[in-house]
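Shown next, in structure tokens, is the structure this report addresses.
The values are calculated or read from the model by the stated rules, or taken from the named source; none is laboratory data. The structure displayed is predicted, hence computed values, not measured ones. All Cβ positions, glycine included, derive from the backbone under ideal geometry; neighbour counts span all protein chains shown. Heavy atoms of the whole protein, side chains included, go into the accessibility calculation; ligands, DNA and RNA do not. Shrake-Rupley method; radii C 1.70, N 1.55, O 1.52, S 1.80 Å.
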Amino acid sequence: MRSVRKAPRALDEERLVRLVARGDRAAFEELYRRTAPWMALRLRRRCADEQIVAEVMQETYLAVWRAAGAFAGSSTGGTAAGWLWTIAARRLVDAFRRRAHHAEPPAAAALPDAAPAAEAEALAATVGGDVGDALRRLSPELRQVLQAMVLDGLSVRETAVLLGLPEGTVKTRARRARIAMREALA
């Protein structure tokens, strides 16, 4: 562990999570330094309310500190980044639910920009070939639902809360997205 404290930057995120599970604060700080910028960006793409984003970030990293020992890692095909995002996405849905009791949930996503979003570019780089082409051809509404349900692993209800849509609309868009993807890949 002594060499870990000297060079936490040389470790991958999975190893950092494992060290966090043992109570290693330097590993937690390094994990936060690496993941907080993209986490905040992804949350802001889904929520325009900076207060909610800040709350979700705090709750997410508190959960990571407390539950790092529950991370299964590559043994189950997961990644540390995916595990972190799953925690954050669920915390964001919880925040929307809490706020829904007092007011309307904030807009889930900003209006479409002229330039592609960084997340869309990352998705395009990750998912290539015919599947990537088919994803890029989907309308933004269908792509948002597909991304939340398939890539982020959210349920219909969680996706509905996240995107500020009725559950029926989410189901319809998910079905339309699947049909469009099937046709594009046939």
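Remark: pairs (first residue in region 26-42, under 13 Å from V64 (Cα atoms); second residue open to solvent by 50 Å² or more (accessible area, probe 1.4 Å) and of a type outside the set (F, W, Y); Cβ separation under 6 Å; 6+ apart in sequence or on different chains) are absent. Among the residues of region 157-186, the ones that are open to solvent by 40 Å² or more (accessible area, probe 1.4 Å) and assigned to a helix (DSSP H, G or I) come to 15 in all.
State whether one or more residues within region 65-78 are over 18 Å from L11 (Cβ atoms) and touching a Lys or Arg at 6+ places or on another chain (Cβ under 9 Å). Checked against the condition, which is being over 18 Å from L11 (Cβ atoms) and touching a Lys or Arg at 6+ places or on another chain (Cβ under 9 Å), region 65-78 yields no hits at all. For region 23-34, the candidate set comprises residues that are outside any loop (DSSP other than H, G, I, E, B) and over 17 Å from A88 (Cα atoms); within that set, the residue that is most open to solvent (accessible area, probe 1.4 Å) is R25.
The single residue among V20, V93, V53 that is assigned to a helix (DSSP H, G or I), among the β-branched types (V, I, T), in contact with an Asp or Glu (Cβ under 7 Å, 6 or more places away or on another chain) and crowded, with 17+ Cβ neighbours inside 10 Å turns out to be V93.
Here R45 passes the criteria (1) in contact with a Leu (Cβ under 8 Å, 6 or more places away or on another chain); (2) within 30 Å of R98 (Cα to Cα); (3) not β-branched (V, I, T) except the one numbered (1).
Each row is one residue, and each column tells you yes or no for (1) of a type outside the set (V, I, T); (2) at pLDDT below 75; (3) more than 19 Å from the chain's Cα centre (by Cα).
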{"site": "D113", "(1), (2), (3)": "yes, yes, yes"}
{"site": "E121", "(1), (2), (3)": "yes, yes, no"}
{"site": "E141", "(1), (2), (3)": "yes, no, no"}
{"site": "L146", "(1), (2), (3)": "yes, no, no"}
{"site": "V156", "(1), (2), (3)": "no, no, no"}
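Has region 99-110 got at least one residue that is farther than 24 Å from L31 by Cβ, out of contact with any Cys (no Cβ under 7 Å at 6 or more places or on another chain) and at pLDDT 75 or above? Yes: region 99-110 contains one or more residues that are farther than 24 Å from L31 by Cβ, out of contact with any Cys (no Cβ under 7 Å at 6 or more places or on another chain) and at pLDDT 75 or above. Residues in region 135-158 that are basic (K, R) and within 10 Å of V170 (Cβ to Cβ): R157 only.
Here D133 does not fit the description of being within 19 Å of R90 (Cβ to Cβ) and either modelled with pLDDT under 85 or in contact with a Phe, Trp or Tyr (Cβ under 8 Å, 6 or more places away or on another chain) (or both).
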